[in-house]
Amino acid sequence: MAGLELISDQGYRIDGRKPTELRQIRCRLGVFTQADGSSYVEQGNTKVLASIYGPHEPSSNMRSKISHDKCIINCEYSQASFSSAERKHRPRGDRKSLDMAAHIKQTFESCIHTTLYPRSQIDIFLQILQSDGSNYCACVNAATLAIVDAGIAMKDYVCACSASLAKGTTLVDINHVEESAGCAELSAAVMPKLNKIVYSELNGRLHEDEIGKVLDSVVLGCNDMFAVMERTVREHVEETVSNFTHS
Amino acid sequence: MPLREPTLSNLENNFIVNAVCDNRRYDGRRITDARDTQITLGLDYGCCTVSLGETKVMAQVAVEMERPKESRPSEGSLHIHVEMSTLASGNFDASKPGELGIEIQRILERSIILSRCLDLEELCIRVGERSWAVHLYIHVLCYDGNILDCASIAAITSLKHFRRPDITVEGKTVLVHSIEERNPLPLTMHHMPFCTTMAFFKDSKQLLVDPTRIEEKVMDGKLIISINNHKEVCCMQICGQVHISKPQILHSTDVAYLKSKELSEFVKNVLTDDLKYKQNGEKEQQVSLLCKRKKIRMKTICVSFTTLLQKEHYTHT
């Protein structure tokens, strides 16, 4: 909090954005042919690849968790060793990776219509190619697009965004520098049309009275994210349909 | 080899959900009541066992000297280790932490380490060369739901109870004084964040504080808030099949704050009593205090949780 100025006097952030501005978002659906659904999302410098396999018969090590009325969701999260500024080898069963995978699994367990796919398993694989803050949010957005690509039924889009508080102003879509500056960071996954918060986590200290403000800006950021994601899906569908009709 | 957890029957499931819809719980508590908390401090500094109803968690603090991290040469470090042994519950596997173990460890790390609750700069001995590494071991002894709340009380109490050896730095040598030479020093804690877990039922319209094991199996999702005495939220997590709105979150933080305030007072009293016993030379005495949690009555929470738009006032009896 001391030393690094997160907001300049003119109201611009370190990377030149306004406080309520999201980073540049680029997304693509259907990047892999092998997977049932896949997507690639770039949020500023954070780049994530997501692939979905399923619904399929549960694999041998998940046999014990078969449920007669819903599907099991298996999530694996992996951060490449070249993804951060300093090269760091991350082993497979790393605590932070397992924790992040568990969070994403819980997010989607409440949003996918699991009762439509009994006795099956849906796999979500996430790979971070470059990490520049808001890893969880980029992963959730990428997984949502991949699930849409796979044709799995969901209650609504799941859009995630992060926000922080600096000098009384809320900053939306935190990057790595702002994350490590020591301010509180609130990430949330929201279903925009139903206007419900599906998952939320807060790191760092935030006064009770300020939570409302930060939550509001997170929800607004998620709605902006939703607009971009919906446009991407529509463009992808138009492109796929035009390929059918022209050939 | 861990046992498979027995499935809950539909009858039990429906009974609990219907009771919650009527604002009642199967063990007779109110929806905002936590179970009875009991703190037992051991003979050694830094050892503490906390029971929340039938859930029991033991915490122990130990220090060792180490070389500080290169990116932070003037700070010590705090490491939290959580052990979910099979003695707590047949389906825990001691070799793998499992989803629950990792969640507890990560939330305690975020609530205690990331919120800068412990002063790490005070743990530095020689900048860049030597510092204290504090290790906090949490062992779950008995699982009856809501390990996290119990573990957070145990962690904070044992950190506050702990005394590290006094040292003298002479040039390049560090002299560690034994307990007979000089009094050991306490760790500096800026604030005490306590976690409160709230379970959501019935499409997130009803919340329960401090779910038991059976309620945890039946719940839709949960909201975990770690808040300290100064109304600062140190960690918050919403997970499971929960669809909640902003007024519900803000209301839950109010509930969590009242509980945290009560717990802060209780822990301070336990520690001062223990100090008195130790000063009187009653070394064999094990301090054990029972706290009948005061029933915090919140008028609006007893009514349906969705009618939160009016400003609430609560009475504390």
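Counted by Cβ distance under 11 Å from residue A:28, the other residues give a net charge of -3, where Lys and Arg count +1 and Asp and Glu count -1. Helix B:147-161 against the longest principal axis of chain B: what's the angle in degrees, Cα atoms only, rounded to the nearest 10? Around 30 degrees separate the two axes.
Set the Förster distance to 30 Å, then compute FRET efficiency between residue B:5 and residue A:195 from the Cβ-Cβ distance, nearest 0.05. Walk me through the numbers before you get to the answer.
Working: r = 35 Å, r/R0 = 1.18.
Here the calculated transfer efficiency is 0.25.
A simple spin-label model places pseudo-atoms 7 Å from Cα toward Cβ; at residue B:79 and residue A:209 they are separated by 4.1 nm.
Distant-in-sequence amide contacts of residue B:142, defined by a placed amide H-H separation under 5 Å and a gap of 5 or more residues or a different chain, comprise B:56.
Summed over qualifying helices (DSSP H, 4 residues or more, each -39500 (n - 2.57)) and divided by its residue number, chain A shows a 222 nm mean residue ellipticity of -10000 deg cm²/dmol. Helix-only arithmetic for chain B: the sum of -39500 (n - 2.57) across DSSP H runs with n ≥ 4, divided by the residue total, places the mean residue ellipticity at 222 nm at -8500 deg cm²/dmol.
Taking 17 Å as the cut-off, the amide N atoms of the range A:61-86 that come nearer than this to a point 7 Å along the Cα-to-beta-carbon line of residue B:71 belong to A:79-86. In order along the range B:23-33, the phi-based Karplus estimate (6.51 cos²θ - 1.76 cosθ + 1.60, θ = phi - 60°) of 3J(HN,Hα) comes to 6, 10, 10, 5, 9, x, 7, 7, 6, 9, 8 Hz; Gly and Pro are listed as x. Relative to the dominant Cα principal axis of chain A, helix A:208-246 is inclined by about 40°.
Inter-chain neighbour count for B:240-252: the average number of beta-carbon atoms from partner chains within 10 Å of each residue's beta-carbon is 5.
Shielding by partners for peptide B:30-42, expressed as the average number of C-beta atoms from other protein chains within 10 Å of each residue's C-beta, is 0.
Working note: Karplus 6.51/-1.76/1.60 with θ = phi - 60° gives the range B:55-64 the couplings 6, 10, 9, 10, 10, 9, 10, 9, 10, 8 Hz, where Gly and Pro are set to x.
Below 8 Å between Cα atoms, with a sequence gap of 6+, how large is the relative contact order for the range B:41-144 in percent?
45 percent
Applying 1/(1 + (r/R0)^6) with R0 = 35 Å to the Cβ-Cβ distance of residue B:168 and residue B:230 gives a FRET efficiency near 0.50. The label-point distance for residue B:113 and residue A:80, in a model that sets each label 7 Å from Cα toward Cβ, rounds to 2.7 nm.
Put the Cα centre of the range A:76-136 next to the Cα centre of the range B:215-269 and the gap is 26 Å. Using R0 = 22 Å, the C-beta based FRET efficiency linking residue A:87 and residue B:122 works out to 0.10. The long axis of helix A:95-109 is offset from the longest Cα principal axis of chain A by roughly 60 degrees. Residues in the range B:117-130 carry Karplus couplings, in order, of 7, 9, 7, 7, 6, 5, 7, 7, 9, 10, 4, x, 10, 9 Hz; the curve used is 6.51 cos²θ - 1.76 cosθ + 1.60 with θ = phi - 60°, and Gly or Pro positions show x. Pairs of Cα atoms nearer than 8 Å and 6+ residues apart set the relative contact order; for chain B it is 20 percent. Taking amide H atoms as placed 1.01 Å from N in the peptide plane, the amide H of residue B:91 lies under 5 Å from those of B:3, each 5 or more residues away in sequence or on another chain.
When A:154, B:236 are arranged by Cβ crowding within 10 Å, least crowded first, meaning fewest neighbours, the order is A:154, B:236.
Every number here is computed from the coordinates shown, using simple stated rules; none is lab data. Fair warning: this is a prediction, and the values are worked out from it, not measured in the lab. Backbone-built Cβ (ideal geometry, glycine too); neighbour counts: all protein chains shown.
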